[in-house]
Number of protein chains: 2
Amino acid sequence: MTAAFGQRLVNGLHGAGLPPGDRGLRYGDGVFETIALIDGQPALLDAHLGRLERGCYRLGFTPPPRERFEADLSRLELPAFGVLRITCTRGPGGHGYAPPAEPSPTRMLEVQPPPQRPASWWMHGVQVCDCQTRLAAQPALAGSKHLNRLEQVLARAEWSDPGIAEGLMQTPDGRLVEATAANLIIDDGQRLIVPDTQTGGIDGIMQALLLERAAAEGMAWERRAFPRRALESGHALALCNSLIGLWPVKRVGPMALTQSSRLRRLQDGIDQERLALTPAVMGEGE
Amino acid sequence: MTAAFGQRLVNGLHGAGLPPGDRGLRYGDGVFETIALIDGQPALLDAHLGRLERGCYRLGFTPPPRERFEADLSRLELPAFGVLRITCTRGPGGHGYAPPAEPSPTRMLEVQPPPQRPASWWMHGVQVCDCQTRLAAQPALAGSKHLNRLEQVLARAEWSDPGIAEGLMQTPDGRLVEATAANLIIDDGQRLIVPDTQTGGIDGIMQALLLERAAAEGMAWERRAFPRRALESGHALALCNSLIGLWPVKRVGPMALTQSSRLRRLQDGIDQERLALTPAVMGEGE
C-alpha cells in the first residue's frame, strides 16, 4: 500500500469535509465515476468525464468546468496502479427536494487501492449468480451512473461466497441488463449483443470501448433487449468495466456457458494493462 | 433564526464530518427521518425512530441502539419550532457495493429551520400539479424512507411556481402513490383511501396517525391501488406529512377538487400544533 491511497480532495481541498447539507448525502443527488489508474494515469479519463458531465445534465445541473477536475487531479499523488473515484453532486442547498436555482456542485476525488481478484478470473473466466433483486424500470435515470445505488447494494448482498465474482441483474420482466458492477457483452454465435439501457443500467465506458474495437475488427454487434432465458441456448457471456477490463463468464449458477473466441479476442486487446491492476494476485489461482 | 439552527452532530460529535468512504454518500445506503420540533420536542419521535430502524433492517443492517439517538438528542439545543433530520447510513467500508460484514452505522442529526408556507395552504387548501416523473416499481425498497431520492428530486424540479405546493407522483401504470414529499389521503365520499406502497412510496408516519384517528372516530378506510384517473370522479384529496400535518388539495392542475368535511375533521385534530411550525407566515395569505 502506498501513502497515495486514501487521499481525498473535496472541491480542491485535501482533507475537507462534504459541505453541510450536501445533496449527495441527502438524496443521492449526484453522479460518480470509477477510473482505473494505470502506470500512474487515469485510464479513459475523457470518456469518464464525458459520462459524468452527461449525468449532471440528466439530473438538471451544469457540471463544473473540466479544468476544475484537471486542477484537482494535479493536486493528487497518483499511484502507479489503483482506482480514482470522482464524485460530483449537485452541492448543498434547496428547500427539501427542490434543487437550488443556482447549484454549486461539489467535486470529490478519492484515490483507492486496486481491487484484489484472482488472475484466473481473467484467464479461465468467472462464476456468477442470478440476483433476485430486480432493476426497476426508470427511464429518467437509466444509463447514468448516479448515486442512487441501493438496488446494486441489495443485489450484491445476496451472495457472500468469494468464489462468485458477480451477480446478474434483470428487469422485472426478465430481461438481462447488467451485473451489479459490470456491463455485459453476449455472443450468440453470430454477433455480439449488449442489453439496452432504456429502462435501467449504466452506459459502460469499457463496454463502449470494446464495441468500438469489435466494430474495427469487423465483428457485428447490436444493442437490444435480451431475455435472461435466452442465455440457456448456447450463448457466451462476458462482464466488463473500467477496472476489470473483461472477464469471460464460465458458469451462471449451475449452468456452464459456451466460451467465445470473439470475446477472447476483445479481451486480448485490453488485457495486459488491466491485469496490471492486480499485480499482487497474478500468481493466485482458484 | 436562532443559533440552534445549523447544529449537526455526526456519531455524537458536534462539527464532525462524515466518515471517509461512508456508504450514505457513495450509494445512498441509508435511511432518514424528518421530524417536527414542536415546543422544543421532536414530535412522534418513537414512530420516526421505529420507521428508521425498520428501514435499516430492510437494507440488511442492524440500526444503532435507540439509546444512542437519545444521547445524541440530549447534546442538541432544540429550538421551540423547527425540523430535526436524523440520517442513519450503513457507515463506511465494504468492497464496492458489497456491504461490510459488520457495519458501523453512521448517525447524523441536524437541526433545521421550519419551512415557511402560507397559512392559507392549511386553511383554504393547496394547488398541486401532476408530475411526469414516475415512481419505478421496486418492492425491495418500497415503504422505507431511504436515501435514494432522485425520483423525488427530478419530480420536484418539474415546477418552480411558488403557488404550487406539491406534485403528485404515479406508478408507470398510472396509480397515484404520493406527492414528492407528502403522503395522500383520498375521500371517495364513502370512505378514506390511502394508496398502497407495495411497489413504491414511503409509509407515512403522519398518515398512519391520521388513519388511527379516523378509525377512532368511526371513519372507514382502506389501503389499495388508486388510479390517477379516478380522482376525476368527485374524490377529495389531502396531503399529509410530519411537518405540514394535513393540507386539503383544492386543485390538481386545472381541475377543482371536491372538499371533504371528513378530511377537515382529521385536520382539526392535528392542526393547531402544526400551524405553530410556521409562526412567521401565519398572517400571509395567497
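A short reminder: the numbers here are calculations on the coordinates, not readings from a lab. Bear in mind the structure is a predicted one, so any value in this text is a computation, not a measurement. When we count neighbours, we look across all protein chains shown, and the Cβ atoms used for this are built from the backbone with ideal geometry, even at glycine.
For this structure, a couple of remarks:
- Overall shape of the protein assembly as shown was characterised from the C-alpha gyration tensor. The equivalent ellipsoid obtained from it has semi-axes of 44, 27, 20 Å, in decreasing order.
- Put simply, the Cα atoms of segment B:57-104 extend 43, 19, 18 Å along their principal axes, the longest span coming first.
- Lys, Arg +1 and Asp, Glu -1 on Cβ, resulting dipole of segment A:120-281 about Cα centre, debye, nearest 20: 80
- Most simply put, segment A:71-179 has about 70% antiparallel DSSP beta bridges, counting only bridges with both residues inside it.
- For the protein assembly as shown, size of Cβ-based charge dipole, Lys and Arg +1, Asp and Glu -1, in debye: 400
- Leading residue at positive end of dipole, segment B:128-266 (Cβ point charges), from B:Gln207, B:Gly253, B:Ala225: B:Gln207
- Integer Hz, Karplus 6.51/-1.76/1.60 couplings in order for segment B:28-36, x for Gly and Pro: x, 8, x, 9, 8, 9, 10, 10, 6
- Label-point spacing at B:Phe5 relative to the other copies reads 4.5 nm, in ascending order, each point sitting 7 Å out from Cα along Cα→Cβ.
- Under the criterion of Cα pairs below 8 Å and six or more residues apart, the relative contact order for segment A:120-281 equals 26 percent.
- C-alpha center-to-center spacing [segment B:1-71, segment A:64-131] in angstrom: 26
- A Cα-only calculation for chain B places Rg and Dmax at 19.1, 55 Å.
- Hydrodynamic analysis of segment A:172-252 uses the Kirkwood radius over alpha carbon pairs. Inserted into Stokes-Einstein at 20 °C and 1.002 mPa s, it gives a translational diffusion coefficient of 168 µm²/s.
- Using a cutoff of 8 angstrom between alpha carbon atoms and counting only pairs six or more residues apart, the relative contact order for segment A:61-186 works out to 19 percent.
- Cβ charges +1 (Lys, Arg) and -1 (Asp, Glu), total dipole of segment A:8-112, debye: 320
- Of the GluC sites (Glu not before Pro) in segment B:5-96, those whose Cβ has at most 14 other Cβ within 10 Å and which sit in DSSP loop: B:Glu77
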